[in-house]
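Please read the structure below before turning to the comments.
FYI, it's all coordinate maths here, none of it is from the lab. For clarity, every value in this text was computed on a predicted model and none was experimentally measured. Cβ atoms come from the backbone with ideal geometry, glycine included; neighbour counts cover every protein chain shown.
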Amino acid sequence: MITYVVRRVAPLVGLAAILAVLVNLQEVPAVGADAWLHLRLGQEFLDGWSLAHPGHLGVYDTATWYPTQWASQVAMAWVDDRLGIGGVMWLTGTVILLVPVVLYLVCRRHAAPLPTVLAVALAVGAAAPGFSARPQVVSYVLIAVVMGAWLETARDARPRWWLIALTWVWVPIHGMWIVGITIGVATVVGMALTREHERGVLLRLAAVPVLSTLVTVATPIGLHVVDSVTGVSSRNGALTEWDPPDLTSPNSLILGLMIVVVLVVRLRGGALDWPTLMLLGLAMAWGVYTLRTTIVAAVMLAPLLAMALQNLVPSVGRPGRREVAVIAATAVLGSAVMALVAAQRDDEPVVAAWVDERLDAMPAGTKVLNDWELGHYTMSRHPQVQLVMHGYVDMFTEDELERNLRIAKLEPEWDTSVADLDADYGFVDPDTPLGYALVHQLGWTEVEGDDDYVLLTPPDAD
């Protein structure tokens, strides 16, 4: 009885605990959260923006750009229109809950419940920084699905043609569809290196990632899908999430632990097979590439870790209908609790009341010099305002992005750049370098403010 509880019941309780923690972490997006930016873009698409030729959010961003996640943004904006920010919290929170649930089901096909829940818990810990109200959380779920499919292919050498359709669906959801293709390539290369499969088998398997790549152009933005992924490479440096990861951060340390355990356990039991080795190498590459792709690595490593840990415990076979039903019921319950939590928290203020009142009163076309972080909430809830800075770098030309960075960091000639903006107001945090410099160096005047935000007018304002 005790053995049954430890091996069968405790892991399901552990999965429920993971979901409970994730539910508790969901909050109304902060003023600088990307969720607000996606809500604004989604609303613009609902209001008639063309996918092939989308517009701009103001006079300060003029680059040619193509949407990479318009379907997610439209869904978020549609829910926001009908249920408010609480509905958005529930929608994105439910997708976040699907990450450990889907990972559990994927891992469970290769390992017993106990190593499965341990692998999922570590993966969630490593991926936690990426669990926010953004379209990319859908990509984490799909990466788990693709990993599961290719691990099955490595086992039975059968092509999963449905992965091509999945890629086509993925393209308008989020730009990480390319990760799924790399997983396929790594698996096929690994299977080729085993020299256990005929050339015809390998060619059929290789056709899946090849056709998955080709089908991406059969979406509403056509060939521009390539530009949507590569076109902003020169501007990504402006975002901290594209910086190399801090290898001493908690999530990087968890990733390192997962990698070490996979290597040590698998090597003790014999040499690593080529497909696993290629997927492990790919996960490590994504893990050190950028801060944002450490989450990709965590999701990829979960089934590899579960498979390694399985070598330490007795096998219990694949999940049956009862176990799957319990997992599904746990996920549904988690989503329901998420809805209750979101409903309780959706009226929490994001900014002080005076901020919304002042911004609401500004006529359409009012130009506002803002701190970078303050742009997202403002553009979502006060779309008539023309903001200088926001985090959707695709929309800015390189010159415009350099201008924003120069102003934000007070680099040489920043004051000239400010004057060229001809802004009507400044909306900044008084404790930032820009907030302090506008008042004490350029003589901007405070209209209203508090410890967090201040509304300013330039010296030549009427």
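A few comments on the model shown:
- Helix-only CD estimate at 222 nm, as mean residue ellipticity for the chain, using -39500 (n - 2.57) per DSSP H run (n ≥ 4): -19500 deg cm²/dmol
- Ranking of PHE45, PHE131 by count of other Cβ atoms within 10 Å, fewest first: PHE45, PHE131
- Mean Cβ neighbour count within 10 Å, used as a protection proxy, ranking 137-150, 412-425 highest first: 137-150, 412-425
- Nearest 10 degrees, 0 to 90: helix 10-25 Cα axis against the chain principal axis: 10
- Modelled this way, with points 7 Å down the Cα-to-C-beta line, the labels at ASP346 and ASN24 are 2.4 nm from one another.
- Stretching LEU203 away from ASP356 to a fully extended chain increases their span by 49.2 nm, per 0.36 nm per residue minus the current alpha-carbon distance.
- In order along the range 327-333, the Karplus-derived 3J(HN,Hα) couplings, from 6.51 cos²θ - 1.76 cosθ + 1.60 at θ = phi - 60°, round to 5, 4, 5, 5, 5, 5, 4 Hz, and Gly and Pro are given as x.
- On the beta carbon distance between LEU247 and ALA364, with R0 = 60 Å, the FRET formula returns roughly 0.80.
- Rotationally averaged projected area of the range 247-375 (alpha carbon convex hull; nm²): 14.0
- The HIS53 and VAL13 beta-carbon pair, evaluated with R₀ = 45 Å, returns a calculated FRET efficiency of approximately 0.30.
- Estimated distance in nm for a label pair at VAL288 and VAL264, the labels positioned 7 Å out from Cα along Cα-to-Cβ: 2.0
- Take each peptide in 318-327, 437-446, count the other Cβ atoms within 10 Å of every residue, and average; sorted highest first, the result is 437-446, 318-327.
- The range 1-91: translational diffusion in µm²/s, Stokes-Einstein, Kirkwood Rh over Cα pairs, 20 °C, 1.002 mPa s: 133
- Share antiparallel - DSSP beta bridges, the chain, percent rounded to 5: 60
- In degrees, nearest ten, helix 34-46 long axis to first principal axis of the chain (Cα): 80
- Taking θ as phi - 60° and the Karplus parameters 6.51, -1.76 and 1.60, the scalar couplings of the range 172-177 work out to x, 7, 6, x, 7, 4 Hz in sequence order, x denoting glycine and proline.
- Distant-in-sequence amide H partners of VAL447 (H built 1.01 Å from N, under 5 Å): LEU455, LEU456, THR457
- For peptides 287-296, 241-250, sequence by mean Cβ density within 10 Å, most packed first: 287-296, 241-250
- Within the range 400-423: backbone nitrogen closer than 15 Å to the THR457 label point (7 Å, Cα to C-beta): 423
- Kirkwood-type hydrodynamic radius, the range 353-457: 13.8 Å, calculated from all non-identical alpha-carbon pairs.
- Amide proton proximity set for GLN386, modelled H, under 5 Å, gap of 5+: GLY365, THR366, LYS367, VAL368
- Angle between the chain longest axis and helix 250-268 axis [Cα atoms, degrees, rounded to 10]: 20
- Residue separation of ALA218 and ALA419 scaled by 0.36 nm, minus their Cα-Cα distance, works out to 67.9 nm of gained length.
- Taking N as the residue count of the chain, its C-alpha radius of gyration divided by 2.2 N^0.38 Å amounts to 1.07.
- 3J(HN,Hα) along the range 69-80: 8, 5, 5, 5, 5, 5, 4, 4, 5, 4, 5, 4 Hz, from the Karplus curve 6.51 cos²θ - 1.76 cosθ + 1.60 with θ = phi - 60°, whole Hz, x for Gly and Pro.
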